[in-house]
Structure formats: structure tokens, C-alpha cells
Amino acid sequence: MSSNDLETDMNEVAQTAAAGPAAAAAPAAAAGPAAAAGVHDDSGDDPSAEPEEFVEDGRADKALDFVVEVLTKMGMDCTVDLMENEDDDPASDVRIEITGEDATRLVGKKGQTLGALQFLANRVINRPTLSRRHVLIDADGYRTRRETALTTMAKKLGEQAVAEGKLITFEPMSAQDRRIVHLALAQFPGLLTKSEGKGDDRRVQIIPTRVS
């Protein structure tokens with residue numbers, strides 16, 4: 001990404017937040033159907049591709065610096081922190097948390113503004129010659145609440161799939177939401193998960209190892 005492209009992308013995010021929730025979908029729509037949801041590379045929703053050993057390569061700090069720069073240009077009154085990963089997160093994930101007076105404004109309608117910012121951060125640190133790292137940005141606890149709810153639902157459906165011995169298919173999801181489901185059930189006994197479908201119709205299947 002050139003410096004001019006980066007400046008244009010940051011201006012788009014700034015204009016989105018300034019225009020209010022109704023405009024939040026604009027940068028996400030430009031990035032593609034999955035952009036509003038968060039991580040935008042469909043190949044990255046299955047954590048099974050995570051390398052066995054990870055060594056920090058400085059891209060977490062790069063992502064943090066990018067987010068700080070964007071929010072500064074937007075004139076947002078926020079604090080941006082690089083967080084430690086959760087125990088079940090892949091080691092290469094980059095978690096960034098935004099708090100403060102303007103944090104809620106960054107969420108946007110159905111998380112679209114936050115999704116656009118996260119998309120840009122992922123775009124900044126990922127290049128074709130590098131292994132993919134996922135940047136996960138939360139603002140005012142929005143993503144944490146969503147992840148918790150989705151993880152709870154995934155585990156409940158996992159239990160149902162095992163108990164009934166039947167395959168369960170979710171409704172179509174964003175790449176980020178599918179990845180949350182895969183991670184939630186990665187160590188769940190008696191089942192496996194995989195993504196099926198293309199584009200907006202891509203969804204997660206919960207497959208019991210013993211099907212009735």
C-alpha cells in the first residue's frame with residue numbers, strides 16, 4: 001500500500017465516523033461483502049492453518065501505531081492499547097482495545113465502522129510474502145460481548161450435535177464470526193468444524209465424528 005493509498009483509507013474512516021452511523025457501511029462496502037464484519041480474508045477463518053511456532057515480528061506494534069494515527073487524525077478522544085491474547089487465541093493474533101469518551105462512536109451501525117478500521121489495520125500489516133496475522137480491534141467492549149455470545153452459542157450447538165449425532169449448519173457468517181466458531185470448538189470432543197459455501201453464503205458446519 002502506498003502512502004497516498006494509506007492516507008486515502010484513513011480519510012475514509014475519518015469521514016465515516018464524522019458522518020455518523022448511517023455512513024458507516026461505505027468503506028466496508030468498498031472493501032467487499034465481508035468487510036463490515038471484521039477480518040476480510042476468507043482463507044483465514046479456519047485457525048487450523050496457524051503455524052506451530054510463532055515469533056513476534058513487530059507487526060503488532062505496526063498495527064497499534066496505525067490505529068493510533070487514524071484516531072488522532074479523526075480527532076477522537078480515545079486510549080488505544082495492545083492487549084495480551086486470550087488463552088485460546090492463536091499466538092499470532094493482534095488484539096487492540098480502544099477505550100475512552102469516543103470509543104462508542106467507533107463501533108458504528110452493527111459494528112461497521114469498527115469493521116472498516118479493522119480491515120484497514122489488517123491490510124496494513126499483511127503482505128503476500130508474509131504469513132497472515134489477524135488484527136482484532138475492540139471498542140467499548142463491543143467485540144468482546146459479541147465473541148462471548150457467539151462462543152456460548154457455538155458450544156451449545158456443539159453439545160447438541162454430539163448428543164444427537166447430527167450435522168448442524170450455521171446461517172451465513174462473516175469470516176471473523178466463522179473463525180470465532182472454529183476456535184470455540186477447536187478442542188471440543190467428538191466433533192470437527194469446517195466452512196462451506198462461497199462469498200456471502202459461506203457458513204460453518206459442526207460435524208460430529210459419529211453421525212447417527
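The values are calculated or read from the model by the stated rules, or taken from the named source; none is laboratory data. From a predicted model like this one, the values you see are computed outputs, not experimental measurements. Cβ placement follows ideal geometry from the backbone for every residue including glycine, while neighbour counts extend to all protein chains displayed. Surface areas here come from the heavy atoms of the whole protein model, side chains and all, with no ligands, DNA or RNA. Shrake-Rupley method; radii C 1.70, N 1.55, O 1.52, S 1.80 Å.
Relative contact order of segment 75-182: what whole-number percent is it, with Cα pairs under 8 angstrom and at least 6 residues apart? Walk me through the numbers on the way to the answer.
Details: 103 pairs, mean separation 24.8, N = 108.
Relative contact order comes out at 23 percent.
Pop the C-beta distance of T209 and T144 into the FRET formula with R0 = 35 Å and round what comes out to the nearest 0.05. Please report the intermediate quantities before stating the final value.
Details: r = 31 Å, r/R0 = 0.89.
Computed FRET efficiency for T209 and T144: 0.65.
Which trypsin sites (Lys or Arg not before Pro) does segment 163-212 hold that lie in a coil by DSSP with at most 16 other beta carbons within 10 Å? Spell out each step's value before the answer.
Values: sites: K166, R178, R179, K194, K198, R202, R203, R210; in loops: K166, K198, R202, R210.
Counting only loop positions with at most 16 other Cβ atoms within 10 Å, the trypsin sites (Lys or Arg not before Pro) in segment 163-212 are K166, K198, R210.
With contacts defined as alpha carbon pairs under 8 Å and 6 or more residues apart, what's the relative contact order of segment 45-130 in percent? Walk me through the numbers on the way to the answer.
On the way: 67 pairs, mean separation 25.0, N = 86.
With pairs under 8 Å counted, the relative contact order is 29 percent.
Leaving out ligands and nucleic acids, and using a 1.4 Å probe, what accessible area per residue does segment 97-212 come to in Å²? Kindly include the intermediate steps, with their values, before the conclusion.
Details: 5870 Å² over 116 residues.
For segment 97-212, the solvent-accessible area averages 51 Å² per residue.
Please report the net charge: other residues with Cβ closer than 15 Å to the Cβ of G165, K and R +1, D and E -1. Don't skip to the answer; put the middle values down first.
Working: positive: K166, R210; negative: E159, E164.
Here the count lands on 0.
Taking every DSSP beta bridge with both residues inside segment 54-138, roughly what % is antiparallel (nearest 5)? Display every interim value, and only then the final one.
Values: 5 of 9 bridges.
Of all bridge pairs located within segment 54-138, approximately 55 percent are antiparallel.
What is the gain in length, in nm to one decimal, between L167 and M83 on full extension, counting 0.36 nm per residue of separation less the C-alpha to C-alpha distance? The partial results should precede the final answer.
Details: separation 84, 0.36 × 84 = 30.24 nm, distance 3.58 nm.
Stretched fully, the L167-M83 segment lengthens by 26.7 nm.
In the neighborhood of R143, defined by Cβ-to-Cβ distances under 11 Å, what is the net charge if each Lys or Arg adds +1 and each Asp or Glu adds -1? Before the final figure, lay out each step's value.
Working: positive: R95, R145, R146; negative: E97, D138, D140, E147, D177.
So the surrounding residues net to -2.
Considering the convex hull of the alpha carbon atoms of segment 125-186, report its projected area averaged over all viewing directions, in nm², one decimal. Provide the component values of the computation, followed by the final result.
Values: hull surface 22.2 nm².
The directionally averaged projection comes out at 5.6 nm².
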